[in-house]
Amino acid sequence: MSINFFTEDVSFSLKEKRKRKVWLKQLAKAENHEILALNYVFCSDEYLLSINVEYLDHDDYTDIITFDNSEKKATIEGDVFISIERVKENSKIHRVDEKTELSRVISHGLFHLLGYKDKSKAEAELMRSKEDFAINLFEQS
């Protein structure tokens, strides 16, 4: 079991790494899943755009891209790419601090790996409630 944090093309240092790992394990366990290998890559807009174009054929900026590599049911193996620039911008748009927005996006990636979608209005509402739960859990721990 491993949870790793990396950076690409950006100067960023994730704070409270140990606390984040415990938190992510708690969120997965609450959904009856085990994390086998989970990698978070914090990167620039341009780096994430290149991934979006190359792998998803989308030519637009986004805050997160998640790749699910899981092969067994109820296990998590995946890579989550997060644009730090989008996190900072979104924190201003949503009027929350950057730490809260970062928690939202980190949990969002995990929830995608747990099978949650956000394309329809109902899916997006459920995803938002999951994110809110996750943020509260992180802030209370």
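The values are calculated or read from the model by the stated rules, or taken from the named source; none is laboratory data. As the structure is a prediction and not an experimental result, all values here were calculated from the model. Here the Cβ is made from the backbone with ideal geometry for all residues, glycine too, and neighbour counts use every protein chain on show.
Quick test of your reading of the structure: LEU14 fulfils all but one of (1) part of a helix (DSSP H, G or I); (2) among the hydrophobic types (A, V, I, L, M, F, W, C); (3) out of contact with any helix residue (DSSP H, G or I) (no Cβ under 6 Å at 6 or more places or on another chain). Name the failing condition by number.
With respect to (1) part of a helix (DSSP H, G or I); (2) among the hydrophobic types (A, V, I, L, M, F, W, C); (3) out of contact with any helix residue (DSSP H, G or I) (no Cβ under 6 Å at 6 or more places or on another chain), LEU14 is out only on (1).
Suppose the filter is on the phi > 0 side of the Ramachandran plot and either among the aromatic types (Phe, Trp, Tyr) or at pLDDT 95 or above (or both); does ALA122 pass it?
no
Across the stretch 77-101, what is the total count of residues that are of a type in the set (A, V, I, L, M, F, W, C) and without any contact (Cβ under 8 Å) to a residue 40 or more places away in the chain?
3
So which residues in the stretch 1-29 are basic (Lys, Arg) and surrounded by 14 or more Cβ atoms within 10 Å (Cβ to Cβ)?
ARG20, LYS21, LYS25
Has the stretch 48-61 got any residue that is modelled with pLDDT of 95 or more, within 15 Å of the chain's Cα centre (by Cα) and within 21 Å of PHE138 (Cβ to Cβ)?
no
Applying the selection to the stretch 19-38, what residues are without any contact (Cβ under 8 Å) to a residue 24 or more places away in the chain and more than 16 Å from the chain's Cα centre (by Cα)?
LYS29, ALA30
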